[in-house]
Amino acid sequence: MPKNPARSALILFSGGQDSATCLAWALERYARVETVGFDYGQRHAVEMRARQTVRDGMATVLPQWAGRLGPDHVIDLSGYGRIADSALTTDRAIEIDARGLPTTFVPGRNLVFLTCAAALADRRGLDVLVGGMCETDYSGYPDCRRDTIDAMATALSLGLDRPVVIETPLMTLTKAGTWALAERIGGQALIDLIVEDSHTCYRGDRTLRFDWGYGCGACPACELRSIGHGQWMARR
Ligand code: ZN
């Protein structure tokens with residue numbers, strides 16, 4: 001039996017390591033799980049392709065919960081991507097700007113994603129939103145902080161006139177902790193799926209294969225994933 005038999009969830013699913021772990025976490029807990037992705041013209045469009053591979057793989061490595069995995073949804077936010085104009089959506093260098101924020105920061109991204117996800121969940125009759133936001137290794141993104149997420153949950157609950165619950169299972173975990181969580185839920189098979197098929201690299205590079213997966217090995221996302229994997233392996 002799922003841990004919350006009466007409940008269903010919509011996972012903000014990018015096809016990266018964090019959201020892949022969140023999807024596994026949700027399949028363990030909820031009777032019905034659907035996924036949503038956002039196409040906002042990001043440079044790592046390769047991530048959009050990784051989504052389907054990881055979803056398919058999840059049914060194989062977690063067969064006991066495969067029946068819980070419902071449809072996938074993709075929302076076109078290319079207009080928002082053009083407004084946001086960050087290093088993820090244009091060819092700007094990945095660096096720290098005058099405000100101390102990385103140029104990979106897309107202003108308001110999680111706020112827009114959560115608003116769209118809440119609308120979709122309302123229409124689909126899904127109880128809970130699940131996102132991979134994390135304030136431990138959060139790359140300096142202010143919209144990944146739990147305070148921001150709590151404020152969004154309040155705003156959406158008021159605006160939709162129904163309780164909007166946003167679960168963030170990775171919020172207080174280090175990246176090493178995220179690898180450990182995936183291993184606890186799905187063992188080596190889930191680790192292998194995340195290594196082989198999830199995509200995190202900001203540059204959309206899949207030419208190099210490291211022990212933690214594919215990427216350029218140099219961008220902030222690859223660095224976080226690599227360091228976390230090394231720390232997790234060291235204490236296994
Ligand atoms: Zn990279």
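Would you point out the residue of region 158-176, among those that are in a helix (DSSP H, G or I) and either in contact (Cβ under 8 Å) with a residue 40 or more places away in the chain or within 16 Å of the ligand (Cβ to nearest atom) (or both), that is nearest to the chain's Cα centre (by Cα)?
Residues of region 158-176 in a helix (DSSP H, G or I): 158-160, 175-176.
Filter again for either in contact (Cβ under 8 Å) with a residue 40 or more places away in the chain or within 16 Å of the ligand (Cβ to nearest atom) (or both), leaving 160, 175-176.
Working: Leu160: 24, Lys175: 13, Ala176: 16 Å.
Here the residue is Lys175.
Against the conditions (1) open to solvent by 60 Å² or more (accessible area, probe 1.4 Å); (2) within 16 Å of the ligand (Cβ to nearest atom), Thr154 satisfies every one except (2). Residues of region 213-236 that are part of a loop (DSSP other than H, G, I, E, B) and open to solvent by less than 50 Å² (accessible area, probe 1.4 Å): Gly215, Cys216, Gly217, Cys219. Just so you know, in region 194-226 the residues that are among the β-branched types (Val, Ile, Thr) and within 13 Å of the ligand (Cβ to nearest atom) include one that is farthest from Gln52 (Cα to Cα), and it is Thr207.
With (1) under 17 Å from Ala20 (Cα atoms); (2) open to solvent by less than 20 Å² (accessible area, probe 1.4 Å) as the list, and Asp143 as the residue in question, which single condition is left unmet? Only one criterion is unmet by Asp143, namely (1).
So for region 35-52 (the condition being of a type in the set (Lys, Arg) and open to solvent by less than 40 Å² (accessible area, probe 1.4 Å)), does at least one residue qualify?
We begin by selecting, within region 35-52, every residue of a type in the set (Lys, Arg); these are 43, 49, 51.
When the remaining residues are screened for being open to solvent by less than 40 Å² (accessible area, probe 1.4 Å), the result is 51.
Scanning region 35-52 turns up at least one residue that is of a type in the set (Lys, Arg) and open to solvent by less than 40 Å² (accessible area, probe 1.4 Å).
Is it the case that some residue within region 181-189 is within 14 Å of the ligand (Cβ to nearest atom), touching a residue at least 60 places away in the same chain (Cβ under 8 Å) and small (Gly, Ala, Ser)? Don't jump to the end; show me each part of the working.
Restricting attention to region 181-189, the residues satisfying the condition of being within 14 Å of the ligand (Cβ to nearest atom) are none.
No: region 181-189 contains no residue that is within 14 Å of the ligand (Cβ to nearest atom), touching a residue at least 60 places away in the same chain (Cβ under 8 Å) and small (Gly, Ala, Ser).
The residue of region 136-162 that is modelled with the lowest pLDDT, among those that are among the charged types (D, E, K, R) and touching a helix residue (DSSP H, G or I) at 6+ places or on another chain (Cβ under 6 Å), is Asp137.
The values are calculated or read from the model by the stated rules, or taken from the named source; none is laboratory data. As the structure is a computational prediction, the values presented were derived from the model and not from experiment. Because the Cβ atoms are built from the backbone with ideal geometry, glycine has one as well, and the counts that use them run over all protein chains shown. Remember, those area values only see protein heavy atoms, side chains included, never the ligands or the DNA or RNA. Shrake-Rupley method; radii C 1.70, N 1.55, O 1.52, S 1.80 Å.
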